[in-house]
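The values are calculated or read from the model by the stated rules, or taken from the named source; none is laboratory data. All values reported here derive from a predicted model rather than from experimental measurement. Neighbour counts run over all protein chains shown; Cβ positions are idealised from the backbone, glycine included. In case anyone asks, the SASA skips ligands and DNA or RNA and just uses the protein heavy atoms, side chains included. Shrake-Rupley method; radii C 1.70, N 1.55, O 1.52, S 1.80 Å.
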Amino acid sequence: MSSNTPKRILIAKPGLDGHDRGAKVVARGLRDAGFEVIYTGIRQTPEMIVQAAVQEDVDAIGLSILSGAHLDLFPTIVTGLKKAGLEDVKIFAGGIIPKQDYEELEALGIKGIFGPGTSLGDIVSYVNEI
Amino acid sequence: MENPKSKKEWIDNVWRPAVEKRKERDISFSTTSDIDIEPIYGPEDLQDSSETDDIGYPAQYPYTRGVQPTMYRGRLWTMRQYSGFASAEETNTRYRYLLDQGQTGLSMAFDLPTQTGYDSDHPIALGEVGKVGVPISHMEDMEIVFNNIDLSKVSTSMTINSTASILLAYYIAVAKKQGVPAKDLRGTVQNDLLKEYVARGTYIYPPKPSMRLITDLFEYCASETPNWNTISISGYHMREAGCTAVQEIAFTISHAIAYVEAAIAAGLEVDDFAPQLAFFFVAQSDLLEEVAKFRAARRLWAKIMVERFGSKNPKSQTLRFHTQTAGVTLTAQQVDNNVVRSTLQALSAVLGGTQSLHVNSKDEALSLPTEEAVTVSLRTQQILAHESGITNSIDPLAGSYLIENLTNQLEQEAKKYIEQIDSLGGAVVAIEQGFQQREINEAAYQMQLEIEAGSRLVVGVNAFQSKEEPPIEIFRIDPKESEKQIARLQRMKSSRDQSKVETALNNLSQVAKSDQNTMPAIIECVEALATTGEICDVLREIFGIQKEMVVF
C-alpha cells in the first residue's frame, strides 16, 4: 500500500438474494489482509449502497450478487456514485455473473469481476493495486 | 505370523510397521466435521460406542435404518427437481415437461420479490422478477402455473418461508377451482423462518410474529390439509452457508425443537401437528459422513420426540426428509465435473434413506440450468433408481463398522451442540445473539483458508486445472416475461372488485391483531384477488419488519 492509512473497502449486497457466504468470506479476507472493511448486510438498494459509500468515505466497493439482477442494479449504483461525486471509487464484483455479461459491466467501469472459485489472494492483490 | 485377532492387533502388527516403512499421504484423514477417520474400523467400534437397539430395524424406533418398512422396494423416493423461472406461463411449460419426463413431484422455486413479500411492480423488485423463480403476485399467476396439472395427482413442494401462508392459500384456492378438496392436497411448504434469520435471508417480520404465522399454519393444516407437510425444517441453507455436518444436524434439530415448543405453547398437542413436520438436508461431498448424518439425524429426532416431548405417535417420531445436492460444491471451472459431484452426493442421499431428492445441474455455478442440464439431473436420479442396484435392500450400509461408528459420533456431537443452544435459551435466543451465524461464518472462512493453502483440493479449481475451457451455453431469462407479468398484475388490479379486496384486507388486519388463526383470513384475501404485496403490507404494519443483524 502506498500510504500508512489502510484503504477503506465497502462490501455490499445489492438485490434481494440472501446468499452472503461469499461476501462475508471476502470481507473477512480483506480485513485479515489489513484493509478497513465495512459490510452492508443483505438486501441493499442501489441508493443505500451509494449512501454507505459516501458516509464511510470508501476507496473501493465490492458488490456481491447471486440473483441475476446485476445488469439492472449495477448501472444504477454506478450512476448514483457519479452523482454523489464518487467517480474515483473503484468497483469490483463477485457472485454468479455469467462471462457473457463481463463486457457490459467493464464498460460501466467495473473491471474486477471475481466468479466462483476465485482465490482470496487474487482479490487482495486486486484491491492492493487500485 | 498368526492372523490378527482384533483391530488393535492388526494396527500394532500390520499397519504400524507398514506406515513406518512407507508414510501415509500427508493429508488430514478427517470428515468435514473434523471427525478423525481411522485406517480401519472393526467390531470393537460397534461394541464400544453403540447399543444394538440404536441400530434396530427399518420403521422401528429409533428409526436409524429408515422410516418406512419397505423403503425403495415399496416406492422410490420422489424425484423432484426444484424449478420455476421467468413467468407463470414459462414455469407451467417446464413443470409439464418435467412431469412428462417421469418426474414424480413438483418443487416450486419463487422469485425473490414473491419470497420477500413484494409484487412484481414494486420498485425493489427491479431486475429480480422471475430471476430465481416464478413470480406469484396474485391468484391468476398461480392458476396459470398449474394449468392442466391435476392437483389431486401431483405433490408439490414450495420453497417459501415468510410468505408461506399466502402461497399455500393460493394453492388451496386453485385446487378448489379445480374441484380438488383441500384434504386431498399433498405437498410441503418450507415455512422455516429460523434458518432464514441464520442463513438464507428472506425473512420479513421479527421472529415472534413469524413463529405465530408458522404455528397458525400448523394448526390450520392439522384439520384442513392432513396430507400436507406444514414445514420443512432445513439444514440445507446453513450447510451451504458454510457449517459442518454436525452443525447441520444440530442447528436443524434445535430449530425443530423451537417450532415444537412454540406450537405446544400455542395450545396444540404434539401428536396432532408433529406428523406433518418434514426436514430438508443437503447431500454434500463426503459420502460416508453424509450417509451417517442422515441416519444420525433420524435417530436423534426420534429420541427427542419421545424423551423430550412425550410423543406417543410413531408418525411424530419419524424424521422424513428431502435432500438436495450441494450447490456450493458446483464449480464454474470444468463444469462437466459437476455431474459427477452431484451423482456422488445423490448416492449418499439414497443410501441415507431420503424421501425425495433434487439433483443440481452442472451449469448452476453460472446461471439457472438449461433444460438439457436439468434433464441430465433427472436422468441421474433414474439411473440411481433403476440401474445401480442400491434400492434393492433397505439401509444397505447398516452394520458397516465405519458407518455405525460415524453415525454414533455425529449423533453425540450434534447432541452436545443442541445442549449448548439449549443452555443459551434455545434456538431463537441463540439466533438473536448471533450464535449460529458466527459458527457458520467461522466454518466457511476456515474452509476457504484450507482451499487457499491447498490443504483442501477442489478439482479444476485449485488442482488439476485445464488451460482452455470451452464456452458453455447458459440459460437466460427473457426480460419480456417480466413485462408481461407486470402488465397482467396491473390489468388484474384495475378489473377486480376493489371493495371486496379492502374488506378482506381489513379483516386480515383485525385477525392479525387478535389471537385468531390467520390462515382463513389469508385465504379470503387471495380469493378476493388481493396481491402478495398487499397482504404482506397489512402484516408488516402490524408485525413490524426484521432488521438484519450483520455478523461477519
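Looking across the stretch B:386-417, the residues that are under 21 Å from the mean Cα position of the chain (by Cα) and open to solvent by 10 Å² or more (accessible area, probe 1.4 Å) come down to B:Lys415, B:Tyr417.
Can you find a residue in the stretch B:454-473 that is assigned to a helix (DSSP H, G or I) and open to solvent by 50 Å² or more (accessible area, probe 1.4 Å)?
The answer is no; no qualifying residue exists.
Checked against the criterion of being open to solvent by less than 10 Å² (accessible area, probe 1.4 Å) and under 30 Å from B:Ile545 (Cβ atoms), the candidates B:Gly105, B:Gly130 yield just one match: B:Gly130. Among the residues of the stretch B:42-78, the ones that are of a type in the set (A, V, I, L, M) and at pLDDT 95 or above come to 4 in all. Considering the stretch B:135-149, and only residues there that are of a type outside the set (A, V, I, L, M), on the phi < 0 side of the Ramachandran plot and in a loop (DSSP other than H, G, I, E, B), the residue that is most open to solvent (accessible area, probe 1.4 Å) turns out to be B:Asn147. Taking the stretch A:97-115 as the range and being within 11 Å of another protein chain (Cβ to nearest Cβ) and in a loop (DSSP other than H, G, I, E, B) as the test, the residues that pass are A:Ile97, A:Pro98, A:Gly115.
The residue list B:Leu351, B:Leu357, B:Leu366 contains one member that is touching a strand residue (DSSP E or B) at 6+ places or on another chain (Cβ under 7 Å), under 28 Å from B:Leu98 (Cα atoms), in the same structural domain as B:Asn229 (by TED's automatic domain parsing) and surrounded by 19 or more Cβ atoms within 10 Å (Cβ to Cβ), which is B:Leu357. Whether any residue in the stretch B:96-117 is within 14 Å of another protein chain (Cβ to nearest Cβ), part of a loop (DSSP other than H, G, I, E, B) and in contact with a Pro (Cβ under 8 Å, 6 or more places away or on another chain) is what I want to check. So far as the stretch B:96-117 goes, yes, one or more of its residues are within 14 Å of another protein chain (Cβ to nearest Cβ), part of a loop (DSSP other than H, G, I, E, B) and in contact with a Pro (Cβ under 8 Å, 6 or more places away or on another chain). Checked across the stretch B:185-206, the condition of being under 18 Å from B:Pro275 (Cα atoms), open to solvent by 10 Å² or more (accessible area, probe 1.4 Å) and either part of a helix (DSSP H, G or I) or not assigned by TED's automatic domain parsing to the domain that holds B:Phe435 (or both) holds for no residue. When the stretch B:315-368 is filtered for residues that are part of a helix (DSSP H, G or I), more than 14 Å from chain A (Cβ to nearest Cβ) and of a type in the set (Val, Ile, Thr), the ones remaining, listed by number, are B:Val339, B:Val340, B:Thr343, B:Val350.
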